[in-house]
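As structure tokens, the structure follows; a few thoughts come after it.
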Amino acid sequence: MLIELGHFALILAFATAIVQMVVPLIGAQKGWRGWMGVAEPAATAQFALTAFAFGALTVAFVTSDFSVALVVANSHSLKPMLYKVSGVWGNHEGSLLLWLLILSGFGASAAWFGGNLPERLRARVLAVQASIGVAFYAFLLFTSNPFLRMAVPPFDGQDLNPLLQDPGLAFHPPFLYLGYVGLSMSFSFAVAALIEGRVDAAWARWVRPWTLAAWLFLTVGIALGSWWAYYELGWGGFWFWDPVENASFMPWLLAAALLHSAIVTEKREALKSWTVLLAILAFSFSLLGTFIVRSGVLTSVHAFANDPERGIFILMILAVFTGGALTLYAARAHAMEAKGVFGLVSRESALVANNVLLAVAAMVVFVGTLWPLVAEMAFGRVLSVGPPFFDAAFTPFFVALALLLPFGTLLAWKRATGVRVLRQLWPAAALAGALLLLGYALGSGRSALGPLGLALGGWVIGGAGIDLWSRSGRGTTRARLARLRRLPRADWGRGLAHGGLGVTIIGIAGLLAWQQEDIRVAEIGDSWSLGRYEITLDAVRETRGPNYVTTMGDMTLRASGAEIATLHPEKRFYPVAGMPTTEAGIDGGIWRDLYVVIGDPQEGGGWAVRSHVKPMAAWIWGGSILMALGGVVSLSDRRMRVAAGARRASPAPVAAE
């Protein structure tokens, strides 16, 4: 009965979204306050109904209700509770329902906290947000219904994909969807402003918190996915330029560009058209990512749907919303005339360069991701675009961005003096030079990547610190420290985010330049050296988990003859799903990870074993945490949360006939 109620609630949410899409839009056009007022309760009701539907499906998974087809296909009675819950969104239908829950939640949040928005703009934003919901409710109900019953319920289910039975992957999709769907608010604000024919500083101030929240969630989601790939897949890498990885990375790059562009629009009323275009493109790339994951047109270890017909439906949604928004964008070009004038050397110019580099980097990833599909369709050639292409094509733009970053934060608005900024940045340059020399000494001439990466990361971190210090004004050190503590949280958030990027750059450079690897067939009792460490395979044993059997190795790590850790890498097999997974054994630390993987038994005896020393691996995710923390700190700034300076419009009401 609860499942039927959940299905009914989803249908009611669909109907409510249609009302929310149509009535406030007409009211805003006619100036009818009563019709515009429908948007807020409709958004709340839509969210409540969708939450009930999602809750009903969650109960079915938690209680192992195998009369529901989706539970049968993605759960099992022996599965741990965490993975019963995560099984709700570990599939196509359930993840779409999560998408709609988050979409309606963002719409409801705009209704609850949008009191500072002009009445007509708020009504239009909520109507556009509802129109996105209408498309996805239709997609879910007509092609991907999660509430279908089984005619003859089985005794047990088919289990969740074993690769998804991991804490990292349990939380990775919700955070990614919060980022993907959060960009729908930026899109809704952009389209609403185009309909209204007004893009100004106040609009940019309102759109920034939503974009920042989406960027923050995308950062966390991407970091969780990278961390999962590092320790779960057994490859020992943190990024593989996989199509689904790229699908989340492209909106992240465009959201970062949008954040910086909106600052120029807010402060100087410049780059209006570019900011609106970025808002449209960022969400469009989120829809593109949804298409890649669910259509099956590109192969990925992360994809969980392989249905071209469903992919066509998503492609239609992408075409309608992106095409419609761009058409409106072209029609309203006259309303986005820039007012601010700025010099070649200024913060505005630096932010323009920042936007160009981020946008070009996103386009490089876009071309590399979709080119195999284009080549196969247009030329009949099967191509593979892998890490060598992305590393060569993407890295120069990101290096240029990192070099520019400290300059941009210190330049003055409108017109600046480059020499003065260079004088301010000498400590950052000194830090970068010291790290360059240190990296060269550590690398012993093996690779230039490590020293240059350390220098670049140090340059970005030093620039972030100097930016904060420069905002403390003049006077004694004590007085400046006191003023530093009173800086707006948005300033501290920016410094943390930029510093986190520098930390991540150092981690990536250190790992890629100085990692060591050993691959061998080892028998019990064998020892071997890896760098300054010694590894011994003490035992291999068979054991059982809740819903899997595993081959577990016991390996002792020693340094200078002293035992430092015992690791237990595993090769798991899930009988119900019929799939193996690899669980790496990792001895983590600030400066290095010792990473061991046990493989299959060999015909001549022994087991395949891979071992790695991965310098500074923890810095990659530590930097990601700092970037996300910077977003949280910025969002906690009251000016950001309430859109300081926004004022409620009070148009003369027109009675509805």
Check your understanding: Arg471 versus (1) of a type outside the set (A, V, I, L, M); (2) surrounded by fewer than 17 Cβ atoms within 10 Å (Cβ to Cβ); (3) in contact with a Leu (Cβ under 8 Å, 6 or more places away or on another chain): which is the lone unmet condition?
Key -> (2)
Practice item. Take the stretch 387-415 and flag every residue that is closer than 24 Å to Gly462 by Cβ, not small (Gly, Ala, Ser) and not in a helix (DSSP H, G or I). Key: Leu411, Trp413
Check your understanding: What about Val597, is it in contact (Cβ under 8 Å) with a residue 60 or more places away in the chain and either part of a helix (DSSP H, G or I) or touching a strand residue (DSSP E or B) at 6+ places or on another chain (Cβ under 7 Å) (or both)?
Key -> yes
Check your understanding: Mind checking whether some residue in the stretch 85-102 is within 27 Å of the chain's Cα centre (by Cα), surrounded by 24 or more Cβ atoms within 10 Å (Cβ to Cβ) and among the charged types (D, E, K, R)?
Key -> no
Revision key, fill the gap. Over the stretch 562-604, the set of residues modelled with pLDDT under 85 and closer than 22 Å to Ser527 by Cα is Glu603, Gly604
Exercise for review: Report whether or not Leu78 is in contact with a Pro (Cβ under 7 Å, 6 or more places away or on another chain), surrounded by fewer than 23 Cβ atoms within 10 Å (Cβ to Cβ) and assigned by TED's automatic domain parsing to the domain that holds Leu141.
Suggested key: yes
Practice item. Quick one: in the stretch 368-386, of everything that is assigned to a helix (DSSP H, G or I) and surrounded by 13 or more Cβ atoms within 10 Å (Cβ to Cβ), which residue is modelled with the highest pLDDT? Key: Gly368
Review point. Does any residue in the stretch 132-145 that is farther than 20 Å from Leu183 by Cβ and touching a residue at least 12 places away in the same chain (Cβ under 8 Å) come within less than 7 Å, Cβ to Cβ, of a residue that is of a type in the set (Val, Ile, Thr) and part of a helix (DSSP H, G or I) six or more places away or on a different chain, and which pairs are these?
Key: Leu141/Ile11
Revision key, fill the gap. If you go through Phe139, Phe175, Phe147, the only one that is part of a helix (DSSP H, G or I) and either surrounded by fewer than 17 Cβ atoms within 10 Å (Cβ to Cβ) or more than 23 Å from the chain's Cα centre (by Cα) (or both) is Phe139
**Study point:** Any chance Asp159 is acidic (Asp, Glu), closer than 26 Å to Ala69 by Cβ and crowded, with 23+ Cβ neighbours inside 10 Å
**Key:** yes
**Study point:** the stretch 539-572, residues that are without any contact (Cβ under 8 Å) to a residue 24 or more places away in the chain and of a type in the set (Asp, Glu)
**Key:** Glu542, Asp554, Glu563
Check your understanding: Which of the residues spanning the stretch 554-579 are part of a loop (DSSP other than H, G, I, E, B) and out of contact with any Phe, Trp or Tyr (no Cβ under 8 Å at 6 or more places or on another chain)?
Key -> Ser560, Gly561, His568, Pro569, Val576, Ala577, Gly578
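The values are calculated or read from the model by the stated rules, or taken from the named source; none is laboratory data. All figures in this text were calculated on a predicted structure; none of them were measured in a lab. Backbone-built Cβ (ideal geometry, glycine too); neighbour counts: all protein chains shown.
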